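Engineer: For reference, the structure I am asking about is given below.
The values are calculated or read from the model by the stated rules, or taken from the named source; none is laboratory data. In this text the structure is predicted, and so the values were computed from the model without any measurement. Cβ placement follows ideal geometry from the backbone for every residue including glycine, while neighbour counts extend to all protein chains displayed. What goes into the accessible areas is simple: the full protein's heavy atoms, side chains included, and nothing from ligands, DNA or RNA. Shrake-Rupley method; radii C 1.70, N 1.55, O 1.52, S 1.80 Å.
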Amino acid sequence: MDQSRRDFIKKAAIGTAGITLGAHSLSASGMKRMQGANSRINFGVAGVNGRGKALIRAVAESENTSIGYICDVDRRAAEGAADMAEKLTGNKPEVIEDYRKMVERKDLDAVAIASPDHWHTPMTLMAVQNGKHVYVEKPCSHNPHEGELLVKAQKKYNQVIQMGNQQRSSFVSTQAMKDIKEGLIGDVYHGKAWYANQRGPIGHGQRVEVPDWLNWELWQGPASRREYQDIWVHYNWHWFWNWGTGEINNNGTHEIDICRWALGVKYPTMVNSAGGRYHYNDDWEFYDTQIANYQFEGGKMITWEGRSCNPFRLHDRGRGATIHGTKGTILLDRNNYIAWDLDNNEIKHIEEGEESATMDTTGMGSLDVKHMTNLLETIRDGAEQHSPIDEGVVSNDLCHLGNISQEMGRALHIDPRTGKIMGDGQAMQMWSRSYEPGWEPTV
């Protein structure tokens, strides 16, 4: 019988689901043995210098998975990640420099993507077009148009795409949403999200020879070509429009997503952002200080405050969200939540139990495994997906709209049905971007 491995995975999962329901005492290791090698989901991990290491660990610690491939255009990072995967799994994955070649491999079932932002959507599209499932780090898109492509591609190719807003798989966050729905703090109307760090100056870039360990052509991929400078690789690309999406997408996506989840809102009616690059005088193109306000139908609003270079904490946290209602407030982050009534009396306090990092560049923790496990359960047995891509795109788009408002220097009026900017053709020009010829993403 000519049967694909992916079809076998789905059928095997259906068979084992009945065993799970009928034998609650069956251990995870026992289930893993019963499923066998043919139901194992084989991953390729792309972009492994930073956040990709957390994804390697998340895959390795998930049940019945393997890591067959590591993809990175930095030879040093790729080899180091392959060694890391071998220590965690006992098997050393094959290193492939060109992502396009990796997604063509027939034994590959899913990819985990932690590349620079300008690669997220193109890599995701290439994967689903080759029949692979995807875990893609936030932001899932470099611009709102790419988000539209992702939603369209998911419907067309019917592969699971999970964005890396891992707090959606948090026990604490899920419990907080249940409590909000049940009226613990009354009718909720305001979400306040923040991020505060102590990033240093990046200086002024100098043109230098491309390092021998880096494939600069492939690193740029779909982005317009630039001559290599010494300050871009590996992290500072976040602060340049050609590749990055600024702090609001780099970190604000998480807490804005939590606020949107709590308030039960989708697209706003108005977005207004203020701020700038205030702390240092260097080549950083985005904003180290930004306050973005979102107004929604039904009398609700979200505010995000980002301070990239001043680490003054709110509520003794460098990042988090508060949800305000007619009967009280909830403070929520990756590791716990606290609720107060209107007299500021604490009425509930829940801990996640396992810690997740919140302020470093890798963000490794228990939520990575939980979110990856949800992806796997969705693939294997059709479990409810915690972060379907159409939901992830909406939260990502709010961040893009904040940046567009900031760049335009004015408020944007938004169609709450589609998220598109109304009556401002100049702002709508930022809905997409220019791509290197031949690299334009399509569905």
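Engineer: First measure r as the distance between the Cβ atoms of ARG100 and VAL210, then evaluate 1/(1 + (r/R0)^6) with R0 = 22 Å and state the FRET efficiency to the nearest 0.05.
Structural biologist: Working from the Cβ atoms, E equals 0.60.
Engineer: Which listed residue (GLY425, ALA321, CYS399) has the Cα farthest towards the positive end of the charge dipole for the range 293-443, taking +1 on Lys and Arg C-beta and -1 on Asp and Glu C-beta about the Cα centre?
Structural biologist: Going by the Cα projections, it comes out as GLY425.
Engineer: OK, next. Under a Cβ-only charge scheme (Lys and Arg +1, Asp and Glu -1), can you give me the dipole magnitude of the chain about the Cα centre, in debye to the nearest 20?
Structural biologist: For the chain, the charge dipole is close to 880 debye.
Engineer: Taking the structure as given and computing Rg/Rh (Cα atoms, Kirkwood Rh), which label from (1) 0.96; (2) 1.38; (3) 1.02 fits?
Structural biologist: After the calculation, the listed value that fits is (1).
Engineer: Also: Leaving ligands, DNA and RNA out of it, report the carbon-plus-sulfur percent of the accessible area of the chain at a 1.4 Å probe.
Structural biologist: 48
Engineer: Pairs LYS370/LYS420; LYS156/LYS370; LYS53/LYS152; LYS132/LYS156; LYS192/LYS327; LYS266/LYS348: which exceed 22 Å Cα-Cα?
Structural biologist: Table pairs above 22 Å Cα-Cα are LYS370/LYS420; LYS156/LYS370; LYS53/LYS152; LYS266/LYS348.
Engineer: Moving on. Rounded to the nearest 500, what is the 222 nm mean residue ellipticity of the chain from helices alone, with -39500 (n - 2.57) per DSSP H run of 4+ residues and division by all residues?
Structural biologist: -10000 deg cm²/dmol
Engineer: May I ask you to compute the full-extension gain from LYS348 to MET408, defined as 0.36 nm times their residue separation minus their alpha-carbon distance, rounded to one decimal in nm?
Structural biologist: Fully extending the segment from LYS348 to MET408 adds 17.4 nm.
Engineer: Would you mind pulling out the separation of the Cα centroids of the range 375-443 and the range 46-88, in Å?
Structural biologist: Going from one Cα centre to the other spans 28 Å.
Engineer: Per residue, how many Å² of accessible area does the chain show with a 1.4 Å probe?
Structural biologist: 42
Engineer: Follow-up question, since we're still on this one. With a ≥ b ≥ c the root eigenvalues of the C-alpha gyration tensor of the range 173-230, is it rounded (a/c under 1.5), prolate (a/b larger than b/c) or oblate?
Structural biologist: prolate
Engineer: Starting from the range 244-345, pick out the chymotrypsin sites (Phe, Trp or Tyr not before Pro) whose DSSP state is loop and whose Cβ has at most 11 other Cβ atoms within 10 Å.
Structural biologist: Counting only loop positions with at most 11 other Cβ atoms within 10 Å, the chymotrypsin sites (Phe, Trp or Tyr not before Pro) in the range 244-345 are PHE312.
Engineer: While we're here: From the square roots a ≥ b ≥ c of the eigenvalues of the alpha-carbon gyration tensor of the range 264-330, which class results: rounded (a/c under 1.5), prolate (a/b over b/c), or oblate?
Structural biologist: Here the range 264-330 falls in the oblate category.
Engineer: Continuing with this model, one more query. Can you tell me the FRET efficiency between ASP83 and ASP381 if r is taken as the Cβ-Cβ distance and R0 is 25 Å, rounded to the nearest 0.05?
Structural biologist: Rounded to the nearest 0.05, the efficiency is 0.15.
Engineer: Could I ask something else about it? Starting from the Cα of ASN281, step 7 Å along the direction of its Cβ; do the same at GLU436; then give the gap between the two resulting points in nm.
Structural biologist: Those two pseudo-labels are separated by 3.4 nm.
Engineer: So if R0 is 60 Å, what FRET efficiency would MET270 and ASN91 give, r being the distance between their Cβ atoms, rounded to the nearest 0.05?
Structural biologist: 0.70
Engineer: Another question, if that's okay. Packing-wise, with mean Cβ within 10 Å as the measure, how do 398-405, 369-376, 103-110 rank, highest first?
Structural biologist: Peptide ranking by packing, descending: 398-405, 369-376, 103-110.
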